[in-house]
1. Pick out which of Ala115, Ala35, Ala94 has the largest mean-square fluctuation in a Gaussian network model of the chain, springs linking Cα atoms closer than 10 Å.
2. Using only DSSP helix segments of four residues or longer, with each worth -39500 (n - 2.57), what per-residue ellipticity at 222 nm results for the chain after dividing by its residue count and rounding to 500?
3. If each residue of separation counts as 0.36 nm, what is the full-extension length gain between Gln81 and Ala115 once their alpha-carbon separation is subtracted?
4. Need one number: % antiparallel among DSSP beta bridges in the chain, to the nearest 5.
5. Restricting attention to region 53-136, which GluC sites (Glu not before Pro) occupy a DSSP loop and are surrounded by at most 11 other Cβ atoms within 10 Å?
6. Quote the relative contact order of region 2-135 in percent (integer), defining contacts as alpha-carbon pairs under 8 Å separated by 6+ residues.
7. Under 10 Å, Cα contacts only: if you run a Gaussian network model on the chain, which one of Asn113, Asn99, Asn30 comes out with the highest mean-square fluctuation?
8. Can you pull out the trypsin sites (Lys or Arg not before Pro) in region 52-118 that DSSP calls coil and that have at most 11 other Cβ atoms within 10 Å?
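Derivation of every value follows stated rules applied to the coordinates shown; laboratory data play no part. Being a predicted model, the structure only gives us computed values, none of them experimental. Cβ: placed from backbone, ideal geometry, glycine included. Neighbour counts: every protein chain shown.
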Amino acid sequence: MNIEVNVLNEIMSTIGSVSPETGGIIGTQNDVVCAYYFDRTGSCDSNTYKPDTDNVNRVISEWEKQDIQFVGVVHSHEEKQPALLYADIVYAQAIMKANDMERILFPLVVIGNKARFIMYMVDRCGDVTAEEITLI
Ligand SMILES: [Zn+2]
């Protein structure tokens with residue numbers, strides 16, 4: 001998956017610099033992740049990030065006007081949990097169903113001594129793969 005350097009930097013300086021779990025959404029144009037919105041009004045309980053859906057849906061329709069496609073949700077985990085949880089996958093499937101998507105990018109920012117970014121992709125069946133990242 002191609003991602004613009006400035007987008008990754010922005011993710012790391014927002015989600016990557018605060019405690020888990022926070023999140024945001026990402027969008028693509030021509031198969032490049034070029035848009036990111038930090039959902040600072042989203043909420044988090046003990047183990048799941050819950051977007052501020054009104055806000056996020058407003059951003060998604062703004063993106064549509066600019067030909068940017070909503071492709072995924074990024075959130076953070078503590079270092080001891082570098083994989084998606086069952087609840088994350090169920091949530092990813094619900095978003096895919098609601099938005100008629102076959103797959104969704106569900107990257108994680110793992111907060112540790114040094115924050116890491118892992119580009120997970122989830123398909124409709126709930127299978128998770130870690131995608132290679134190419135910085136552009
Ligand atoms: Zn999670």
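1. Ala94
2. Values: 3 runs with 37 residues, N = 136.
Rounded to the nearest 500, it is -8500 deg cm²/dmol.
3. Details: separation 34, 0.36 × 34 = 12.24 nm, distance 1.27 nm.
Gain on stretching Gln81 to Ala115: 11.0 nm.
4. Details: 24 of 33 bridges.
Bridges in the chain are about 75 percent antiparallel.
5. Working: sites: Glu62, Glu64, Glu78, Glu79, Glu102, Glu131, Glu132; in loops: Glu79, Glu102, Glu132.
Loop-located and lightly packed - Glu102, Glu132.
6. Values: 252 pairs, mean separation 31.9, N = 134.
Relative contact order here is 24 percent.
7. Taking springs between Cα atoms under 10 Å, the residue moving most is Asn113.
8. Values: sites: Arg58, Lys65, Lys80, Lys97, Arg103, Lys114, Arg116; in loops: Lys80, Lys114.
Here the sparse-neighbourhood loop sites are Lys80, Lys114.
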